[in-house]
Amino acid sequence: MTERSARSVAGPPEAGSEGSFRAAFSSARRLRTEVLAGLVVAVALIPEAIAFSIIAGVDPRIGLFAAFTMAVTISFVGGRPAMISAATGAVALVVAPVVRDHGLDHLVATVILGGILQVVLGLLGVARLMRFIPRSVMVGFVNALAILILTSQVPHLVGVPWAVYPLVAAGIALIVLFPRLTRVVPAPLVAIVLLTLVTVGASLAVPTVGDEGALPDSLPTLFLPDVPPTLDTLRIIAPYALAMALVGLIESMLTAKLVDDITDSRSNKTRESWGQGVANVVTGLFGGMGGCAMIGQTMINVKVSGARTRLSTFLAGAFLLVLVVGLGDVVAIIPMAALVAVMIMVSVGTFDWHSVRPSTLRRMPLSETAVMLATVAVTVATHNLAYGVVVGVVVAAVLFVRRVAHLTTVTRLDADEAAGEAAGEAAGDPGERVYAVVGELFFASSNDLVYQFDYARDPGRVVIDLTEAHVWDASTVAALDAVQHKYAEHGTTVEFRGLNADSARRLERLAGRLGAGH
């Protein structure tokens, strides 16, 4: 087997040494890419973190410090190099009621407990559940993300001075056209710098980053929540901590999968799971609001800027702190129009345009399209990617079960055909009836199994051939018990023939113990 064919069997390589800090220094070009990518992401993180702080009901410094501690910590402990984690809208929505009803100390306690739960879930292997998320849900997740990124920019385009619109248009043009000249410097960074120079030089009165909220002027310090260590405290924070842990893990795992596809490499999802928990614990201990993977900023880092290593994630957090603490006055004058232009292009690049082409929709099964649309609709309606994914998976499961259930058939064999099927046994005897059951037998497909037999007119012996079937659950065993019970009421004996080993074990263990006939 050649190296290439061996790789195709094993799948894409794991992003281990290729995404390490050391890999960032493998060449001057790679190092430049990682540094500039981190700088672009840091600038883009500032208004996002401030906005999420407002959603959560906390001071903007809480969100900015969370962005710093999350990014720096996850760069060391995470399982997906180049992925950006920071304060996010989904987590902000979950923890907002804690702040409103109980205050900042309970929020920090919630973040720390949520991080601990993520570590536990990660070590228990929750990342393996990713295999149950269908491709149609992933496509819906990506498309919903793109729509949310785009719609989140609308407030910055409504009720603003007229100069904002040409600035946004110029920013988009720079991001599209500048890579044709050179890719040495990321186009988003060029757009941010040039538009800032234009607005300052022309004294344009347009919204700036400083208008979004006050920037901190000191470093984050250790913060221990002042909450009583009692069961009452646990009852208050536990539901929110669990919701935060699950929402954060779902978004982080899906983002990691998205980056895997873009970079053609595999990430360590288990490490990423508990790494998110560690990052949230650290964030809580420094008074942050918690967070998870940020898909928009990750796309800026990986897809737009071309980053591939942990260094870009670390520098995104480090640059963020330097910018808001040391260069706050400079950052404050960056026009929001520049960041809006960047996020619009991220949205356009994130959307899976192939999935909505008429040719694709014609070929795609209706159920797959329905799952994708359900994921998009719920996500956009709730502004919560985790809710959309859960609904998409449920819809996919229901449609799959419905489809598989209809593939199960029960056929009555004629006397001579039954004799051939029985390979020489006395199945051709007129005193015996043979039924062949074909398909996967589980709660949905076996629900109507009891109605597929002619109990009153069948002879005294019935053979049910399960050679082409598989018994998956207790519901099917109960259905087979019911069939046997109904035949017994007519004085007919039933033999189950052709069971595979797994089905036979399940039937032997459960038959007669599930309330036959009910």
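The values are calculated or read from the model by the stated rules, or taken from the named source; none is laboratory data. These figures come from a predicted structure and were not determined experimentally. In this analysis, Cβ positions are derived from the backbone assuming ideal geometry, glycine residues included, and neighbour counts consider all displayed protein chains. To get the accessible areas, we keep the full protein, side chains included, count just its heavy atoms, and leave off ligands, DNA and RNA. Shrake-Rupley method; radii C 1.70, N 1.55, O 1.52, S 1.80 Å.
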task = Would you check if ARG506 is open to solvent by 40 Å² or more (accessible area, probe 1.4 Å) and in a helix (DSSP H, G or I)?
result = yes
ask   = When you scan the range 359-386, how many residues do you find that are more than 14 Å from VAL137 (Cβ to Cβ) and either open to solvent by less than 60 Å² (accessible area, probe 1.4 Å) or in a helix (DSSP H, G or I) (or both)?
value = 10
inquiry  = Could you list, ordered by first residue, the pairs with Cβ atoms under 8 Å in which the first is in the range 126-142 and in contact (Cβ under 8 Å) with a residue 24 or more places away in the chain and open to solvent by less than 30 Å² (accessible area, probe 1.4 Å) and the second is basic (Lys, Arg) and assigned to a helix (DSSP H, G or I), at least 6 apart or interchain?
reply    = ALA127/LYS269; MET138/LYS257
Matching residues, the range 483-500, being out of contact with any strand residue (DSSP E or B) (no Cβ under 7 Å at 6 or more places or on another chain), of a type in the set (Gly, Ala, Ser) and within 18 Å of ARG412 (Cβ to Cβ) = none
ask   = Which one is farthest from LEU507 (Cα to Cα), of the residues in the range 458-487 that are among the charged types (D, E, K, R) and not in a strand (DSSP E or B)?
value = ASP458
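Under the condition of being open to solvent by less than 60 Å² (accessible area, probe 1.4 Å) and assigned to a helix (DSSP H, G or I), which residue from the range 400-414 is modelled with the lowest pLDDT?
That would be ALA405.
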task = For the range 143-169, name all the residues that are within 29 Å of the chain's Cα centre (by Cα) and either farther than 27 Å from VAL356 by Cα or open to solvent by 60 Å² or more (accessible area, probe 1.4 Å) (or both).
result = LEU150, THR151, VAL154, PRO155, HIS156
key: Meets criteria (assigned to a loop (DSSP other than H, G, I, E, B), crowded, with 20+ Cβ neighbours inside 10 Å and either on the phi > 0 side of the Ramachandran plot or out of contact with any Leu (no Cβ under 7 Å at 6 or more places or on another chain) (or both)) for MET70   = no
task = Being modelled with pLDDT of 90 or more and acidic (Asp, Glu) is the filter here, so list the residues in the range 232-261 that pass it.
result = ASP232, ASP260
key: Residue match in the range 53-60 (condition: within 28 Å of LEU189 (Cα to Cα), in a helix (DSSP H, G or I), hydroxyl-bearing (Ser, Thr, Tyr) and touching a helix residue (DSSP H, G or I) at 6+ places or on another chain (Cβ under 6 Å))   = yes
ask   = Which one of VAL378, VAL356, VAL391 is within 26 Å of the chain's Cα centre (by Cα), closer than 30 Å to VAL164 by Cβ and of a type in the set (Val, Ile, Thr)?
value = VAL356
query = Given VAL391, VAL346, VAL340, which one is more than 30 Å from LEU480 (Cα to Cα), modelled with pLDDT under 85 and either aliphatic (A, V, I, L, M) or not in a helix (DSSP H, G or I) (or both)?
reply = VAL346
Out of LEU466, LEU480, sole residue that is closer than 15 Å to THR408 by Cβ, in contact with a Leu (Cβ under 6 Å, 6 or more places away or on another chain) and surrounded by 18 or more Cβ atoms within 10 Å (Cβ to Cβ) = LEU466
ask   = Of all helices (runs of 4 or more DSSP H) completely enclosed by the range 170-289, which ones contain at least 3 residues that are without any contact (Cβ under 8 Å) to a residue 40 or more places away in the chain?
value = 187-201, 231-263
